[in-house]
Amino acid sequence: MTKIEEIFSAKSVKREGIVRRNKFDIDKLIGKQTLLNYVRSKQFHLIETGDQYIVICNTGVMQIHC
């Protein structure tokens, strides 16, 4: 299993939930571009805030209210 598969093997992914990971860990293990490519291929949503990447594992339309 690759590192990206490990990240997205969480139960929350199967329930269309959220995966949150530290940016330093992602950059060290797989790289931001690999994460972006994977998220795009699944049609999920990626938010980058502070020192975190937050992936919303749902293909629905996303609205940010504030």
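The values are calculated or read from the model by the stated rules, or taken from the named source; none is laboratory data. Keep in mind that what you see is a predicted model, and the values were worked out from it rather than measured. All Cβ positions, even for glycine, are placed from backbone atoms using ideal geometry, and neighbour counts span all protein chains on display.
For this structure, a couple of remarks:
- Screening Glu16, Glu48 for residues that are out of contact with any strand residue (DSSP E or B) (no Cβ under 7 Å at 6 or more places or on another chain), at pLDDT 95 or above and acidic (Asp, Glu) leaves exactly one candidate, Glu48.
- One residue stands out in region 27-44 among those that are touching a residue at least 12 places away in the same chain (Cβ under 8 Å) and within 13 Å of Phe8 (Cα to Cα): the one that is farthest from the chain's Cα centre (by Cα), namely Ile30.
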